[in-house]
Each structure stands twice: as structure tokens, then as C-alpha cells.
Amino acid sequence: MKLRGRARKITFHVFDPRHIEDVLDRDLPEIWREEDALAAADNRRRGALKAALKKAGKFAPPALAGAGRRDVVEPALEGWDDFGLEGLLR
């Protein structure tokens with residue numbers, strides 16, 4: 001195929017029509033869209049939380065977090081904040 005005067009190799013993916021019909025009959029594209037919307041909303045929520053923590057100064061690297069402060073108690077587990085930000089503690 002020529003595109004703007006240059007020959008390009010293009011791959012066309014051809015699917016079995018029965019498979020496409022099955023996917024459409026089960027309304028899978030709509031289900032996939034809903035799942036993607038939920039995942040995007042969750043990613044935005046986690047990103048906003050991470051940005052808010054960083055802006056508040058609570059997401060500083062461990063070497064800088066307690067620099068110059070003697071009243072800061074170091075957490076017993078490393079990476080606990082990252083674990084919580086990933087949404088694994090629900």
C-alpha cells in the first residue's frame with residue numbers, strides 16, 4: 001500500500017465473522033467500556049490522592065521525610081504508603 005508516496009507494509013487483522021457476531025450478541029463492547037470507565041475513574045482517584053499527598057509534603061522520599069525533625073516517628077514497615085495508594089487496603 002502506498003501512503004503519501006511511500007510504500008508501507010500494513011497488516012489487516014481479519015476475524016472470523018461468527019466470533020464477531022458472538023461478541024456483539026453478548027454485548028461485550030458495552031461491558032468493556034464500563035470496565036474501562038471504572039478503571040479510569042479509579043486511576044484518576046489514586047492519582048489525585050497521590051498528588052495531594054505529595055503537595056502536602058507527606059509523600060517525600062524516606063531520606064528527606066524526617067530530615068531536621070526529631071519528633072517524627074518512622075513507620076515500622078517500608079512502602080506501606082505505596083501499598084495504601086494502590087488501593088489494596090479496601
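Some observations on this one:
- Under the simplified labelling scheme, the D81-I20 pair shows an inter-label distance of 5.1 nm, with each label point 7 Å from Cα along Cα→Cβ.
- Spin-label model distance (nm) - K55 vs N43, 7 Å beyond Cα toward Cβ: 2.1
- Percent of Cα-Cα distances greater than 16 Å, calculated over segment 13-60: 61
No value in this document is a laboratory result; all are computed from the given coordinates. Computed from a prediction, not measured in an experiment: that's the story for all the values here. All Cβ positions, even for glycine, are placed from backbone atoms using ideal geometry, and neighbour counts span all protein chains on display.
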